[in-house]
Structure formats: structure tokens, C-alpha cells
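Trainee: First the structure, which I've put down as C-alpha cells, then a few questions once you've had a look.
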Number of protein chains: 2
Amino acid sequence: MKIDLDRLMAERDIDAAVVMGSLAGNPTLYYMVNGAKISSGTVVKKRGEPAVLIHNTIERDEAAKSGLETIDINHYDFVGLLRAAEGNRLKATVGLFERVFQDRGISGRVAFYGTGGRGESYTLLRAIDANVPGVRVVGEYSGDIFAAARSTKAPTEVARIREVARKTVETVDATIDFVRSHAIRDEVLVKRDGDRLTVGDAKRFVRRALFERDLVEEVETIFAIGRDAGVPHSHGEDDDVIRLGRTIVFDVFPRERGGGYFFDMTRTFCLGYAPAEAEAMFEDVRACFDTVVSALEAGAPVRRYHEMACEFFESRGHPTLCTDPGTEAGFVHTLGHGIGLSIHEAPFVHNMSNDVLEAGAVFTVEPGLYYPEQGLGVRLEDVFYLDERGEFHNLTDYPQELVVKT
Amino acid sequence: MKIDLDRLMAERDIDAAVVMGSLAGNPTLYYMVNGAKISSGTVVKKRGEPAVLIHNTIERDEAAKSGLETIDINHYDFVGLLRAAEGNRLKATVGLFERVFQDRGISGRVAFYGTGGRGESYTLLRAIDANVPGVRVVGEYSGDIFAAARSTKAPTEVARIREVARKTVETVDATIDFVRSHAIRDEVLVKRDGDRLTVGDAKRFVRRALFERDLVEEVETIFAIGRDAGVPHSHGEDDDVIRLGRTIVFDVFPRERGGGYFFDMTRTFCLGYAPAEAEAMFEDVRACFDTVVSALEAGAPVRRYHEMACEFFESRGHPTLCTDPGTEAGFVHTLGHGIGLSIHEAPFVHNMSNDVLEAGAVFTVEPGLYYPEQGLGVRLEDVFYLDERGEFHNLTDYPQELVVKT
């Protein structure tokens, strides 16, 4: 949570944190400016002090909505710095940070966050490190202070995720209803005009259902049937028809409009009937899911659950990444991930993870089995929230059933 | 254009380019993978050779749609590297790049692109520079080879932008029709149910019109009235009513669904009638626009046009950024910017820019005048394309008129 930042900075000996860049694709900047609709900005947080936002003049109204103390970039005369540097933006930007740090009384170990160009960041931070007196640049690699803070959610964040959850469940339900409402001809769904219903039609329905609920499909929904269902991140082909008795992996992960919180859920279903192999796989995945969920424990290292899933699947004869990192059949992805302002964030639930289940964690549990050569795939994904009292709440209020009657 | 990359690499003595990261918010990665729906990946381009895409196993189908040669990350045994590094991701990732570079015969000056965490990029690139034998990391700062390549569009890109333009113009037209169709009570627009029409209602209409055309409003549309119109990046308040005779700045900048190309256009209008001050400002902005557009010339430095706009406005008595970098009244932003896979990209049309108008450039011309204390703002924005024969094409087929009859 945001209130953990000072503690995290102290633990890691960070004197100040700078979060910068464009807002689009920059969840940590969104987090720090509380979703204010600036196009870009720089947040500076000295340890033990509230964060301040440096913004462009023409964005002063939107910047003010961050609730942070705001500073117009003109205060530091960036244009004058650019002129003095004869248009050399790197030199001018280093000069800008020198003025900012001086103005805010910042020295020592200063760490940089937010997204930006890789080469650009490398060059800028090296230049700051080399040229700003009294400042030593820190570049945390993975699991940085913001990843840590964002990995546990405050109640206001959980409330927002719950609302996205509710709308996502409604969308999944409406989509399955839409699909099953079609007539059948030769084992294939057909529309009123006699044309065959396609994966593209189903996806359009999903997009519209999300739109009507003020959610955004930032990355295309997965609605994958047959062989595509057997490859976890295949999105499904728009022209594919929808045939009875095939596993359909339906993975929806919408976001609040304006770059906010995500939800993420997956159901797998067969229309009309399910072949015996699909039934067996589904039962294995559901049993794995139940095994993991009933073992969830506050404070536990998450890798335990990925390993538990691997052991469970192996006991039922399926290959897994734990014993064969190159396998394309069986359990071929990690068990889960945190969700929030990024679709994938800490805690990362896999066997190389050092994350533990802390109060405020919001994370997926999503075991799956994939046999692309057999045209089969099954994944079930719910989101869990661990509250302050150590209780887990399933935020995904929707049944797990394989066969959908037509 | 993409075909310029080898030349740009040669000019800058870059032996290989690496573009990496998540796809979301990463236009250069989208550019290199041709919009393939991977969630993340690493593109490696050795100078003089086609680019290759290193991808996660579970994304192999989507990766194949990039049209690039693809390499499963398992080929380099990243999991083995992670194990050998006892879970140290930095060390494992450096090891991964060492294997990639060896495998692809890459040494010398290797530059990194794409978006990622700032501190993370700094630390990773320093570690690669220090630890991979024969490789020297290059971090271009601004105007990097991809900014340069992307600043001129190939015909296929222009065709996509034209299509977004067509839909954007339709949306603007439909929205103005929607707004003007309302009844008037006490100089304010009212809905059939007697409630007053709000800025929020207008924005909802815009969002839906874009959605119906398969476009996405990634950042909220600007529909700013009165004082908000006087602050260029104020988005407008949802609860504001829509009053006759006030300047409304309507700036729409949608994008192709799935992270593709943007368009960007602005009209300013007054409903019913326009006060004399608004009329005068509008005429000044339109005359400035015409002055700039009639002077556009292939090969010209873009700063010329920003300076021309400043001179024009000053000759009419308006303050500008050219003479007063801190002004909040008058012409307070830059004249324009390129558009493409980013809403703002090269060429950047301002007085500190070194960009020139090259064949393939697609850029905005958007003079504006702002007087927030008087509750007035006017901006007009069209997009121009400079073709291979040196001709400029206005891609914004919509009139510039201040008064909209009710």
C-alpha cells in the first residue's frame, strides 16, 4: 500500500523516489497521481515527506486533481535550461533535476521509476549520476518499492477491483447466454440469418458488453476454441466457427476506463456436451484449483502453491513446467499473478518467486491443462483477496461448469 | 519508415538494436512485431539482417503472426539461467542476452529500445555493458533510430491513419449534430426529460461513436467549455452544462483498437452565437492556420512554422511562448506534432526542434489562443501528410466554423 512507501524506502536506503514519464502505459505514475488525467509528469517523493507533482503549464488543472502539491515546470525554467544547452535535451534535463533536487532539499540515493524508453532511461540516469552533485542514482531491478507497495491493496483499491469484478462476471454470463442462444446446424452455431456464428462475433459481443459497463478491453479477450484453446495465450481466430463439444477457453481481463484497475477471470466450457477427455481434464483442473485454494494461508510463500499445482497435476499424469521447463503439453504456465493497475504484478505465483501472501494481496489462481495436438485446453481462473484479518475472499462470483446447455 | 532502419543504424554506428518489454504502452515494439498480439517479447535486429522475435512459449501462435522469424525463449534456457543464478533475475537476464548475442553473431555497439521501468532499464543495461564480452551498450537519448524511422510513414501506415481520420471526422460531425439537436432553456441545452445536457453526456456520445467505429478513446476526449477551454489540456468537467455563446474546445484523438494508429483533430465552436471576442480570436487562429499551411514546404525545418505562428499572433497583439515562455494567456503550446503509433511523436513542431518535413511525415498543425480569465479558448487542428512527390494532403476533411446553429 502507498503508506508502506516510507518504510520501504528506509529499508532500502532510498532518500528520494522519482516517478516520471507519460501517463499512458505507466501504472506507477497513475498510482502516484491518483489517476489525474495529465499526459505526462514527474512525481518526486522525498522519504518522510508527501510526494509533489511537477507538471506542464497547460496541464495545471488536471495536475491539481491529483491531490498532490503541484509545481509548474516553468518554476524551474526548463526552457531557459534548453536554451542554455543549445537545444541539448539531455543536458537540459539533467539541469532540471539538479534544480528540482536542490529546491526540494534532496541528496543521497535517489531511485527512478515509471516507464520510459530503455536506452533513454539508461543515458539519462547515467548522466544524472555523473553530473548532479551529491546524488547517487539507484535503479532497482525487480520487486522495487512500487512493486512492493502496489502488491497489497488499500480498501479503496479493493472496492474498485470488486466493482470491475462484478461487471466482468456480468459480461461473462451475458456472453455465454448470447452464444448458447443460437441455433445449431451440423454441430455448429448459426445466426438468424443462417450464417455461422464466429469467434469474432463472440468477441464483438464481449467488447460491447464491457463498453456498456464503462470497462475497456485494453488487450483482446481470449476466446479460443479447439487447437487454439490448447495454447494458453492464443486469442482465438475471428473466422473460427463455434462447434459443439469443443473446449472453449474464455479469458476476460478488462480495465477501468482511463487506465485504472484490472480484473481477470477465465472459464472453460463446451457447448452442448463434453468429450470424455475434456471432462477428465476439467475435473483435474478443478480439483487442482480446489486443492490450492483450500491450502491458501496468510504469510505463505507463493511458490508453495505453484509447486502444489505441479505436484497435483503430475500425480494425475500430466507434464508440468516444474519438471520439464520446455513442455508445451500439460500445465505450461505459472499458477497466478497479482492484479491491480497492471494485469500482471506482484505477487507472482510461480516456483522461482520469493513473494509471500500479505494482507491486501489481490491475485489470481489459474491452473490449466493444455494439449494442443488433441485440440484441448482447460483453464479456470478466479481472483482472491487476502484481507487484514487473514481471510481470503474469492472476488469471482461465478460457477465453474464445463458443459453449457444449448 | 522501417526500411530506413539499416541506414540509420549505419549512420549512428549501431551494430544491433534490441526492442523489448510488454506490448502495452510500447509503440516501438508494436511497430517491430507488426501489431502481433503478444503480451511481451524481445525483437533483435542485427544491422543488415531481418529482425527476429524472441517470445514466450505460450505466445508462439501470436508471435508467428508478426511475420518475423521467431525464437522460443526456451531455446536459450532462461529457466536454467534463473536456476543457475539462484533466482537472481538480473544475472539471468544478462546471461540470456549473452546467449542471444552469441547465437545471432552480435557484438559491438548494441542499442536498446522499447519502454520499460526506468530504474530497471538503467540497471539491466549497465549490467549488460559491464558483463557481456564484446558488447558495448548504446542508449540513444532523443530522436533515436525508431523515432526517426517512425517519423515518416509508409503507404500502408498512411492508409490506416486515413481510415482513422475518416471515422474521427464522422464522430466529430455526429457529436456536433447530437449537441445542437437539443432544446434550449435559459441559454442552456436541455434533454427531452428536462435535465440539462452536460459535458459528460457529450463525452459519452463521443465514446460510443468511436466504439461503434472500432476506435478506442485511450485518453479522455477534451470537450472543454468556458474557462476550461482557456487551458489547453483541461479535459472539461462532466457536470458542466452547455451554454450558448461559449467557446467549446473539442479535441478528439482516438486510436485503432489493439494499440494501433492515432488520429488527432480539434474544432472550436460556439452554440447559437459567438461573442465578438470569440469571433476575433477565431479569426486570428484561422488566419494563423492558413498562413502556416500555405507556407508548408517539403524539406523545411519545422521550427520555422512554430516561429511563424508566434510572429503572426504577436502581430495581432497576443502573447506567445516564443517571447514569454511562462505565459498562460495567448499562444501557449507548440504548433504541432507527428502522429502515428504514439499520439505525440516526431516531427515535433516547436522552436527548439531540429526536425524537418520529410516525405512520409504525418503531423498536426494546431494553432490556438487561450484566455482563461476571460473564459475563452480557441484551437484548430488538422493533420497533414507529405507524400513522396512533395505534396501536402490535409487528412482532416471537416470545415472550420465557429458558430454552430441550434
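Trainee: Please work out if A:Asn88 is assigned by TED's automatic domain parsing to the domain that holds A:Tyr122 and either basic (Lys, Arg) or at negative phi (or both).
Mentor: Details: assigned by TED's automatic domain parsing to the domain that holds A:Tyr122: yes; either basic (Lys, Arg) or at negative phi (or both): yes.
For A:Asn88, the condition - assigned by TED's automatic domain parsing to the domain that holds A:Tyr122 and either basic (Lys, Arg) or at negative phi (or both) - is met.
Trainee: Return the residues of region A:181-206 that are assigned to a helix (DSSP H, G or I) and open to solvent by 30 Å² or more (accessible area, probe 1.4 Å); say none if nothing qualifies.
Mentor: Matches in region A:181-206: A:Arg204, A:Phe205.
Trainee: Select, from B:Glu283, B:Glu237, the only residue that is open to solvent by 10 Å² or more (accessible area, probe 1.4 Å) and either modelled with pLDDT under 95 or of a type in the set (S, T, N, Q) (or both).
Mentor: From the options B:Glu283, B:Glu237, the qualifying one is B:Glu237.
Trainee: Under 22 Å from the mean Cα position of the chain (by Cα), within 30 Å of A:Tyr30 (Cβ to Cβ) and in the same structural domain as A:Pro399 (by TED's automatic domain parsing) - does that describe any residue in region A:304-325?
Mentor: The answer is yes, given that some residue of region A:304-325 is under 22 Å from the mean Cα position of the chain (by Cα), within 30 Å of A:Tyr30 (Cβ to Cβ) and in the same structural domain as A:Pro399 (by TED's automatic domain parsing).
Trainee: When you go through (1) within 19 Å of A:Pro325 (Cβ to Cβ); (2) touching a Gly at 6+ places or on another chain (Cβ under 9 Å) one by one for B:Arg60, which number turns out not to apply?
Mentor: (2)
Trainee: Just to check your reading of the model, which residue among A:Tyr398, A:Tyr385 is touching a His at 6+ places or on another chain (Cβ under 6 Å) and of a type in the set (Phe, Trp, Tyr)? Before you say what the answer is, go through the steps one by one.
Mentor: Numbers: A:Tyr398 fails: touching a His at 6+ places or on another chain (Cβ under 6 Å).
From the options A:Tyr398, A:Tyr385, the qualifying one is A:Tyr385.
Trainee: Using beta carbons and a limit of 6 Å, which pairs, at least six apart or on different chains, have the first residue in region B:167-180 and on the phi < 0 side of the Ramachandran plot and in a helix (DSSP H, G or I) and the second one among the β-branched types (Val, Ile, Thr) and open to solvent by 70 Å² or more (accessible area, probe 1.4 Å)?
Mentor: Sorted first by the residue in region B:167-180, then by its partner, the pairs are B:Arg180/B:Thr406.
Trainee: Ok, one more. Among (1) touching a residue at least 24 places away in the same chain (Cβ under 8 Å); (2) outside the structural domain of B:Pro372 (by TED's automatic domain parsing), where does B:Ser142 come up short?
Mentor: The single condition B:Ser142 does not satisfy is (1).
Trainee: List the strands (runs of 3 or more DSSP E) that sit entirely inside region B:214-284 and contain at least 2 residues that are within 14 Å of chain A (Cβ to nearest Cβ) and more than 18 Å from the chain's Cα centre (by Cα).
Mentor: Working: elements: B:222-225, B:248-252, B:265-271.
Result: B:222-225.
Trainee: Being at the interface with chain B (Cβ under 10 Å from one of its Cβ atoms), of a type outside the set (S, T, N, Q), in contact with a helix residue (DSSP H, G or I) (Cβ under 8 Å, 6 or more places away or on another chain) and over 30 Å from A:Met352 (Cα atoms), is that true of even one residue in region A:127-147?
Mentor: Yes: one or more hits.
Yes or no, residue by residue, for (1) out of contact with any strand residue (DSSP E or B) (no Cβ under 9 Å at 6 or more places or on another chain); (2) over 23 Å from A:Pro325 (Cα atoms):
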| site | (1), (2) |
| --- | --- |
| B:Ala16 | no, yes |
| B:Gly25 | no, yes |
| B:Ala36 | no, yes |
| B:Gly48 | yes, yes |
| B:Ile54 | no, no |
| B:Leu68 | no, yes |
| B:Gly87 | yes, no |
| B:Lys91 | yes, no |
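Trainee: Restricting to region A:70-91, and then to whatever is surrounded by 19 or more Cβ atoms within 10 Å (Cβ to Cβ) and at the interface with chain B (Cβ under 9 Å from one of its Cβ atoms), can you tell me which residue is nearest to A:Ile54 (Cα to Cα)?
Mentor: Across region A:70-91, the extreme among qualifying residues is A:Phe78.
Trainee: Which of (1) over 30 Å from A:Leu189 (Cα atoms); (2) open to solvent by less than 10 Å² (accessible area, probe 1.4 Å); (3) away from chain B (no Cβ under 14 Å); (4) not aliphatic (A, V, I, L, M) does A:Gly116 not meet, given it meets every other one?
Mentor: Condition not satisfied by A:Gly116: (3).
Trainee: Also, quick follow-up: What about A:Phe211, is it in a helix (DSSP H, G or I), touching a residue at least 24 places away in the same chain (Cβ under 8 Å) and either over 30 Å from B:Ile58 (Cβ atoms) or open to solvent by 30 Å² or more (accessible area, probe 1.4 Å) (or both)? Give the steps one after another, and end with the answer.
Mentor: On the way: in a helix (DSSP H, G or I): yes; touching a residue at least 24 places away in the same chain (Cβ under 8 Å): no; either over 30 Å from B:Ile58 (Cβ atoms) or open to solvent by 30 Å² or more (accessible area, probe 1.4 Å) (or both): yes.
In short, no.
Trainee: Return the pair list, or none, for Cβ contacts closer than 7 Å from residues in region B:381-406 that are free of Cβ contacts under 8 Å to residues at least 40 places away in the same chain to residues that are of a type in the set (S, T, N, Q), at least 6 apart or on different chains.
Mentor: none
Trainee: OK, next. Can B:Thr70 be described as free of Cβ contacts under 8 Å to residues at least 24 places away in the same chain and not in a helix (DSSP H, G or I)? Let's see the steps before the verdict.
Mentor: Details: free of Cβ contacts under 8 Å to residues at least 24 places away in the same chain: yes; not in a helix (DSSP H, G or I): yes.
The answer is yes for B:Thr70.
The values are calculated or read from the model by the stated rules, or taken from the named source; none is laboratory data. Computed from a predicted model, the values in this text were never measured in an experiment. Glycine also receives a Cβ, built like all others from the backbone with ideal geometry; neighbour counts cover every protein chain displayed. Keep in mind that these areas ignore ligands, DNA and RNA; they rest on the heavy atoms of the full protein, side chains included. Shrake-Rupley method; radii C 1.70, N 1.55, O 1.52, S 1.80 Å.
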